[in-house]
Each structure stands twice: as structure tokens, then as C-alpha cells.
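Report on the structure given below.
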Amino acid sequence: MCGIVGYVGPKNATPILVEGLRRLEYRGYDSAGLTVLGKDGAVQTLRRAGKLKELESALKSEALTGRCGIGHTRWATHGPPTQGNAHPHLSADGSIALVHNGIIENASTLRKKLLEEGVEFQSDTDTEVVVHLIDHLWPQDGSLEDAVVAALEQVIGAYGIAVVSSRDPEKIVVARQGSPLLLGVGSNGEFLVGSDAAAVVAHTREVVYLNDGDYAVLTPEGYRTYHLRQGPVQRQVHQVTWDLAAIEKGGFEHFMLKEIFEQPRTLEDVTRGRLLEEEGSARLGGITLDDRELLSMERIVITACGTSWHSALIGEYMLEELARIPTKVEYASEFRYKNPVVDDKTLVIVVSQSGETADTLAALREAKRRGARVMGIVNVVGSTIARETDFGVYLHAGPEIGVASTKAFTSQVAALALFTLYLARRRNLSILEGRKLVKALQALPGQVAEILKHNDEIRELARRYQEAPNFLYLGRGYQFPVALEGALKLKEVSYIHAEGYPAAEMKHGPIALIDENMPVVVLAPHDGVYHKIISNIEEVKARDGQIIAVINEGSDELDGKVDHFLQVPETHPALLPILTSVPLQLLAYHIAVLRGADVDQPRNLAKSVTVE
Ligand code: AGP
């Protein structure tokens with residue numbers, strides 16, 4: 001996905017746009033560019049392939065000034081990440097500039113029609129089609145918004161766009177269909193647009209989330225919101241609850257490390273006010289379903305992508321073991337295209353940190369079409385998924401900037417535990433069992449803080465394994481999803497191939513991979529399958545595998561059997577994944593840093609995948 005920013009007001013737009021792009025760079029960093037309307041509205045554009053710093057150094061020699069402009073940081077969908085494909089894209093006469101996040105699905109049809117009308121394209125992107133359409137459909141004596149509306153009537157696909165033009169200066173027109181876009185309502189006649197609040201929070205905490213089908217016109221005099229079919233609409237002004245510091249590194253070398261170390265606080269935040277000690281239950285104000293309807297649900301489907309899919313797998317184990325309700329986890333990208341057995345007796349839970357993942361949003365909409373009640377477990381307040389679910393639980397983890405998800409993952413697992421408790425205590429879980437889970441949830445922040453004290457030890461361990469070409473991660477039961485998550489963390493930040501696997505499955509083939517060059521991380525805390533995992537460790541050791549075991553403090557059964565230990569405190573088996581995943585986050589982080597990888601912005605990735 002890409003990042004869009006825009007500014008109109010009394011100040012020079014260029015530094016504001018660059019700063020906004022810096023705060024959005026985690027959304028995509030293949031190229032960056034901006035357009036500023038100069039004196040008499042002249043369109044001034046600068047674009048560079050590569051990260052934002054390339055554009056910033058170009059601006060040193062080609063300064064752009066003006067009080068109205070738009071900017072873009074790109075994650076390439078159509079066309080390689082070259083300067084020619086960087087946004088903003090311009091109309092043939094250079095009088096209109098446009099930036100876009102999303103995919104225009106009928107781009108080739110529109111491109112063909114425009115080519116037949118003599119338009120010459122400068123790029124391989126789908127986006128460029130839209131700016132030429134706006135140019136061609138601009139009505140006689142019409143405004144920029146008239147032209148944008150006329151163009152969007154022909155466009156099929158997902159877009160968040162911002163457009164400026166010398167033909168209608170001091171104005172930004174924005175529109176949203178499937179890709180997030182919000183307005184920043186500043187003071188003293190300044191108004192902003194951004195793909196998310198990070199782009200505008202330095203200037204205002206008052207934001208307006210646009211809905212699909214909305215467009216808006218921003219001028220120094222104010223903003224107006226419309227819907228393509230309904231005409232003028234009013235949209236609520238929301239207050240952003242966090243400040244700029246939340247999206248700064250706070251002295252850490254990388255956002256990923258900062259967010260790993262935020263986990264004691266974020267685990268406090270996700271449980272704050274939600275634990276009922278006496279009743280041994282949970283209070284979840286966002287669950288607006290009454291008990292009768294909730295208890296009428298016959299099964300649960302949890303759908304998500306990536307790391308959120310891993311937390312969903314842990315939720316499946318929890319719900320089946322503690323709430324005794326049939327639960328199934330589906331990749332969102334698979335769910336939306338299969339013929340899932342979902343009806344009005346199915347509760348579908350969508351898990352998403354960003355609340356903007358296209359596959360998860362599409363799965364949500366498919367579930368609703370089939371009559372399911374849909375609950376969200378989301379971090380970003382006001383995100384599309386949060387607004388389209390019937391009810392939900394926010395993580396309150398604050399912005400997660402590092403592309404590799406860490407604090408959101410552990411908060412998702414905690415939120416799933418809270419919901420499991422909420423449901424199980426309405427079904428069959430005893431008050432004593434409920435109180436045990438409440439106590440274990442209360443202890444998590446301190447326990448994670450203890451684990452983080454091993455950071456230096458884990459960095460030394462990373463030094464030993466930074467050159468390994470492959471890793472295996474093994475776990476059973478609640479720890480199998482942790483094996484998957486640990487492998488994903490390593491893959492996505494260090495580019496080392498890693499595979500998570502059910503430990504017992506090793507002997508059905510993958511054990512052939514084991515030799516003295518294969519580091520094997522084994523999740524071996526004290527849970528119901530502890531003695532089984534010891535046998536699996538023996539099998540690996542017998543083949544000279546190098547074993548890194550994640551164990552509970554004081555487990556001496558493995559002495560002499562493994563090469564390295566990573567110790568975590570004891571807790572409820574359902575919550576052990578929160579503790580055992582933290583050392584794996586640190587291991588992946590340190591190996592990546594030692595390998596010189598770009599930890600916060602790994603190659604080919606973006607923080608939230610808002611395209612299919
Ligand atoms: C996690 O480290 C990855 N960045 C990625 O797998 C991510 O979890 C996935 O894209 C889902 O994102 P979401 O939680 O925002 O929906």
C-alpha cells in the first residue's frame with residue numbers, strides 16, 4: 001500500500017508534505033514524490049525512486065514553494081519502482097497532478113480508450129489513467145471536483161486519491177473507495193489529508209475519516225464532504241487519542257525494538273478495565289451482542305492474514321479448550337474465494353492490526369453477506385475494518401510503525417484471551433478457572449518486562465546464528481502458532497528462510513533437513529505436551545541439529561540436550577504464547593540488525609497490505 005499526504009493553508013506546503021511522507025513511509029517506500037502549486041497556481045513536481053531521503057536530497061537543489069500541495073510514498077503494484085512510475089502523475093499539459101493508493105481494476109480498458117484518443121502515457125502505472133481521465137472529462141467552466149467526479153464515474157477498483165490543478169488552484173480534491181483516507185482539520189485556515197492519522201497528527205488531532213464513495217474539497221476557507229451518489233454529507237470529527245511521541249523512536253534504534261519493549265505497557269493497556277477478578281471474567285464494552293444472541297452462536301470462524309492469522313490460531317485453541325465452541329481459522333485471502341459454511345449462527349472474528357488489510361476486509365464483507373455476525377479485534381481506531389464490523393475489541397496498543405508486527409501480536413493474543421474468558425464464563429468455564437486466567441493476564445506485563453532483561457543475551461545468541469541460511473521453528477499445541485510466528489519474524493526482517501512446523505510432524509519428512517548446519521528453535525514451555533516436545537528434541541539432537549529451546553525457568557530436564565536456552569516465566573498454557581514469542585521477536589530483530597537489513601522497512605514489504 002502507499003502513503004498519501006496533502007496540505008492547503010497559509011504555510012509553505014513543502015516541508016509539511018515531506019514530514020507527512022516521513023510519517024507514512026512505513027506504508028511503502030519504493031519511491032516518493034510531491035507536487036506544490038507555486039505562484040499563480042503553477043504545478044511544480046519532484047519525484048525520486050527509492051526512499052524518501054532521495055527526494056529530500058533532490059529538494060535541496062530544487063526547492064518547491066507554495067501553499068497547496070500533495071505528496072506520495074509508493075509500494076509498487078503496477079509497474080516497477082522507478083522514477084517514471086513514482087507519483088504524482090500529471091495530465092498531458094502538466095496542469096493536473098494526482099496521487100493514488102489502491103488498484104484501478106479497469107485500468108487497461110481505460111488506458112486503451114485514452115490511447116485511441118491520442119493520449120500519450122508516461123508510466124506503466126494504473127494511476128496515470130485517472131489523471132488523464134480527469135483532464136479529458138473536465139467540463140467547460142467546471143471545477144476540479146466536477147472533473148474528478150466525472151472521472152471516478154468511469155473508474156472501477158480501490159482508490160484513495162488526492163488531486164491538485166493549476167486550473168483550479170489553492171484547492172485539493174480527495175476521494176476514497178476501498179483505500180483509507182482522512183482529513184486533518186487544522187486551525188488558522190489549514191487543512192490536511194492523509195492515508196492515516198500519522199500524516200497529520202503533528203498539526204491537528206481532529207480528523208474526519210472518509211467512507212467509501214466519499215469525496216472532499218479542501219481550500220484555505222475550509223472543507224466540504226460529499227458522497228458520489230448522495231451529494232453533500234456530514235462526517236463526524238474524531239479526536240486522535242495519541243500524540244507525535246507515539247510515532248517517534250523514543251531513543252530506540254528502530255521502531256521494531258521500541259515496540260518490542262513497549263509490550264509490558266501495551267499488555268497493561270489491552271487488559272485495563274477489562275478484568276473482573278471476583279467473577280473470574282472479562283468486561284468488554286465493545287461487545288454489543290446480547291448474551292442470548294452470543295450464546296446462540298453455534299460456531300466461530302476467525303479470519304486474518306500474516307501475523308494476525310497466527311494470533312487467530314492461538315485463539316482457536318483457546319476458544320475450543322476453554323469455551324468449548326467449534327472454532328476454525330481461515331486465511332482471509334482463502335476465505336473470501338471459497339464457499340465457506342457461514343450463516344446467522346456463525347460468529348466471524350476478523351483480526352487486523354491496521355484495520356485496512358484488503359483480504360481481511362473482503363472476508364469481513366463476505367461473512368456479512370452470508371448473514372454472520374462479525375466481530376473485530378483491531379488496533380487502529382476508526383479504521384475501515386473497525387467501522388464495518390458489528391462490534392469489537394480494540395487493542396489500544398498505539399501506532400505500530402515497524403513493518404514486522406510485535407506488540408500488536410501479543411495484544412491480539414491477550415484480546416482473544418479476554419473474549420474467550422467473556423464467552424467461556426457465559427458457557428461452562430468455572431469461576432475458579434476464570435479467576436486463574438484473570439490472575440495470569442494481570443501478571444503478563446511484569447513477566448514480559450522480566451524477559452526483556454535477556455535482550456543482551458539474545459543479541460549474543462543472534463551473533464552466533466546470523467549467517468545461518470535456514471532455520472526451523474518447532475512447537476506443539478498453543479506453541480505451534482508461536483513456531484509459525486517466530487519463523488515469520490525472522491524471514492521478514494532478516495531475509496533468512498525459516499519454517500514453522502508442528503513438532504510432531506517433523507518425523508513425517510522435514511526431519512530430513514536436520515543436520516549440524518540447521519538451527520532448530522523449539523518452543524518447550526511447561527504445558528500439556530511438554531514431555532512430548534522433549535522426545536521431539538531428542539529426535540533432532542540425534543541428528544546433530546543445533547537446538548535453541550525456549551523453556552520455563554527451572555526446567556532442568558533439558559540440560560545437556562540443547563545448545564542454548566531462552567527462559568520465560570510460567571503462566572497459564574493459553575497465555576504462554578505471549579511470553580514465548582517475545583524472545584523470538586528479539587532473536588529475529590538482532591539477527592536482522594547484525595545482517596545489516598532494513599529492520600523497520602524490510603524489502604518488498606509494507607505495513608498494511610491494502611491491495612489484493
Ligand atoms: C506481520 O509481521 C506482517 N507485517 C504481516 O504479516 C501482517 O501481520 C499482515 O499483513 C496482516 O496485517 P494486519 O494485521 O494489519 O491486517
Quick one: which of Ala449, Ala483, Ala462, Ala468 is without any contact (Cβ under 8 Å) to a residue 60 or more places away in the chain and either in a helix (DSSP H, G or I) or crowded, with 24+ Cβ neighbours inside 10 Å (or both)?
Ala483
Within segment 555-612, how many residues turn out to be in contact with a strand residue (DSSP E or B) (Cβ under 6 Å, 6 or more places away or on another chain) and part of a loop (DSSP other than H, G, I, E, B)?
5
Could you please give the count of residues in segment 360-378 that are free of Cβ contacts under 8 Å to residues at least 60 places away in the same chain, out of contact with any Pro (no Cβ under 8 Å at 6 or more places or on another chain) and more than 15 Å from the ligand (Cβ to nearest atom)?
3
Candidate set: segment 554-599, residues that are under 18 Å from the mean Cα position of the chain (by Cα) and over 24 Å from Glu268 (Cβ atoms); chosen: the one nearest to the ligand (Cβ to nearest atom)
Val599
Wholly enclosed strands (runs of 3 or more DSSP E) of segment 276-359 bearing at least 1 residues touching a residue at least 60 places away in the same chain (Cβ under 8 Å) and touching a helix residue (DSSP H, G or I) at 6+ places or on another chain (Cβ under 8 Å):
299-304, 346-352
Complete set of residues in segment 187-242 that are assigned to a loop (DSSP other than H, G, I, E, B) and more than 23 Å from Ser354 (Cβ to Cβ)
Ser187, Asn188, Gly189, Glu190, Pro220, Glu221, Leu228, Arg229, Gln230, Val233, Gln234
Looking only at residues that are of a type outside the set (A, V, I, L, M) and in contact with a Gly (Cβ under 7 Å, 6 or more places away or on another chain) in segment 516-536, which one is surrounded by the fewest Cβ atoms within 10 Å (Cβ to Cβ)?
Gly528
Taking the criterion of being among the aliphatic types (A, V, I, L, M), surrounded by fewer than 16 Cβ atoms within 10 Å (Cβ to Cβ) and either without any contact (Cβ under 8 Å) to a residue 60 or more places away in the chain or part of a helix (DSSP H, G or I) (or both), would at least one residue in segment 422-440 satisfy it?
yes
Output for segment 367-411, where each listed residue is aliphatic (A, V, I, L, M), in contact with a helix residue (DSSP H, G or I) (Cβ under 7 Å, 6 or more places away or on another chain) and not in a loop (DSSP other than H, G, I, E, B)
Val374, Ile377, Val378, Ile385, Val393
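Of everything in segment 503-548, what is of a type in the set (Val, Ile, Thr) and out of contact with any strand residue (DSSP E or B) (no Cβ under 8 Å at 6 or more places or on another chain)? Give them in sequence order. Don't jump to the end; show me each part of the working.
From segment 503-548, those of a type in the set (Val, Ile, Thr) are 511, 514, 520-522, 529, 533-534, 537, 540, 547-548; that's our starting set.
Those that are of a type in the set (Val, Ile, Thr) and out of contact with any strand residue (DSSP E or B) (no Cβ under 8 Å at 6 or more places or on another chain): Ile511, Val529.
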Condition met for Leu579 (touching a Ser or Thr at 6+ places or on another chain (Cβ under 8 Å) and closer than 26 Å to Val413 by Cβ):
yes
If you check Val520 against the conditions, is it assigned to a helix (DSSP H, G or I), at pLDDT 95 or above and within 15 Å of Leu584 (Cα to Cα)?
no
I'd like the residue in segment 329-343 that is in contact with a Ser or Thr (Cβ under 9 Å, 6 or more places away or on another chain) and not basic (Lys, Arg) and, out of all such residues, is farthest from the ligand (Cβ to nearest atom).
Pro340
Out of everything in segment 401-421 that is small (Gly, Ala, Ser) and over 11 Å from the mean Cα position of the chain (by Cα), what residue ends up being farthest from the ligand (Cβ to nearest atom)?
Ala417
Glu316: closer than 16 Å to Ala414 by Cα, surrounded by fewer than 22 Cβ atoms within 10 Å (Cβ to Cβ) and more than 16 Å from the ligand (Cβ to nearest atom), yes or no?
yes
Does any residue of segment 92-99 turn out to be under 24 Å from the mean Cα position of the chain (by Cα) and at pLDDT 95 or above?
yes
Restricted to segment 379-400, and to residues that are touching a Leu at 6+ places or on another chain (Cβ under 7 Å) and of a type outside the set (A, V, I, L, M), which residue is nearest to the ligand (Cβ to nearest atom)?
Asn379
The lone condition Ser535 fails out of (1) over 23 Å from Phe261 (Cβ atoms); (2) of a type in the set (S, T, N, Q); (3) at pLDDT below 90 is (3)
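The values are calculated or read from the model by the stated rules, or taken from the named source; none is laboratory data. Source: prediction; values computed, not measured. Using ideal geometry, Cβ is built from the backbone for each residue, glycine included, and neighbour counts are taken over all protein chains shown.
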